[in-house]
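Take a look at the structure set out below.
The values are calculated or read from the model by the stated rules, or taken from the named source; none is laboratory data. All of these numbers come straight from a predicted model, not from anything done at the bench. No Cβ is skipped: glycine too gets one built from the backbone with ideal geometry, and neighbour counts run over all protein chains shown. Side chains are part of the model used for accessible areas, which takes the heavy atoms of the whole protein and leaves out ligands, DNA and RNA. Shrake-Rupley method; radii C 1.70, N 1.55, O 1.52, S 1.80 Å.
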Amino acid sequence: MSEATRAWRPTEHGANIGHTSAWMAHRKVALDLHRILNEGDPDRAVMDAPYTVMALRHVLRGVEMTRTHLKTEEARKLLGEALADFDKAVPGGKKARDVIEHFDEYAMGIGNLQQPAVRYAKDRTPDDELSEMFNHRLEWDQLDGERRPVYAAGPFRVDLVAAEEAAFRLVCDAYEALRLDEGNPVPRGWTYEVQRGSLREW
């Protein structure tokens, strides 16, 4: 069988699958943010916001998959730096996602972050005070005169505008890592500038 007619095998394309998954998750984040900022529907904003934070985790998971399946150390290093940049831009994002995803435990005060010394949730004692400390909600902050949606999950706060920006940069970095891995590099940041510019024009 020639290379041209050989069947496409997903197990040989983990890096591309990861990038596509991250890109799709970012689009969910961006669309949610657009609705929250522009549609003026507070009920919908409250419903969208926690799932926006969940979608951020899928962006990370897709990029982590891409990094795992890259062939060159140089490309893996690029994505390692990009993932670290994301963590700096969205501090507490992973923990906020944990509080949202495991709402059944956190509402009872038995989440991993509420009682970390007790390994299993079934061995933890329900606690109303801890439950209240880890409730989650959509809030609004002011930054340089701009009203910004922030999702608070216990002590962890995710600025959704900053998070969308960081997620978009990360997806662009993943694309550049793929190009680098294939021997067709572009300067880091080039994809972000081109894509963000075209989205602004659109």
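If I ask for residues that are of a type in the set (S, T, N, Q) and not in a loop (DSSP other than H, G, I, E, B), which ones from segment 38-89 would you list?
N38, T52, T66, T68
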Name the residue, out of R6, R27, that is more than 21 Å from F86 (Cα to Cα) and not hydroxyl-bearing (S, T, Y). R6
Selection from segment 84-105 of residues that are aliphatic (A, V, I, L, M), within 16 Å of C172 (Cβ to Cβ) and crowded, with 17+ Cβ neighbours inside 10 Å: V90
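Conditions (1) outside any loop (DSSP other than H, G, I, E, B); (2) within 18 Å of the chain's Cα centre (by Cα); (3) at pLDDT below 95; (4) farther than 19 Å from M54 by Cβ, marked per residue:
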{"position": "K95", "(1), (2), (3), (4)": "yes, yes, no, no"}
{"position": "D104", "(1), (2), (3), (4)": "yes, no, no, no"}
{"position": "A117", "(1), (2), (3), (4)": "no, no, no, yes"}
{"position": "E139", "(1), (2), (3), (4)": "yes, no, no, no"}
{"position": "A162", "(1), (2), (3), (4)": "yes, yes, no, no"}
{"position": "E193", "(1), (2), (3), (4)": "yes, no, yes, yes"}
{"position": "S198", "(1), (2), (3), (4)": "yes, no, yes, yes"}
From M108, M24, which residue is of a type in the set (A, V, I, L, M), open to solvent by 90 Å² or more (accessible area, probe 1.4 Å), assigned to a helix (DSSP H, G or I) and at pLDDT 95 or above? M24
Pair list, Cβ under 9 Å, 6 or more apart: segment 141-157 residue surrounded by 15 or more Cβ atoms within 10 Å (Cβ to Cβ), other residue of a type in the set (S, T, Y) and assigned to a strand (DSSP E or B): R157/Y151
Can you tell me which residues in segment 33-80 are out of contact with any Leu (no Cβ under 8 Å at 6 or more places or on another chain) and acidic (D, E)? E39, D41, D43, D48, E73
I'm trying to understand the selection: among the residues of segment 34-69, which are more than 24 Å from C172 (Cβ to Cβ) and surrounded by fewer than 17 Cβ atoms within 10 Å (Cβ to Cβ)? E39, G40, D41, P42, D43, R44, V46, M47
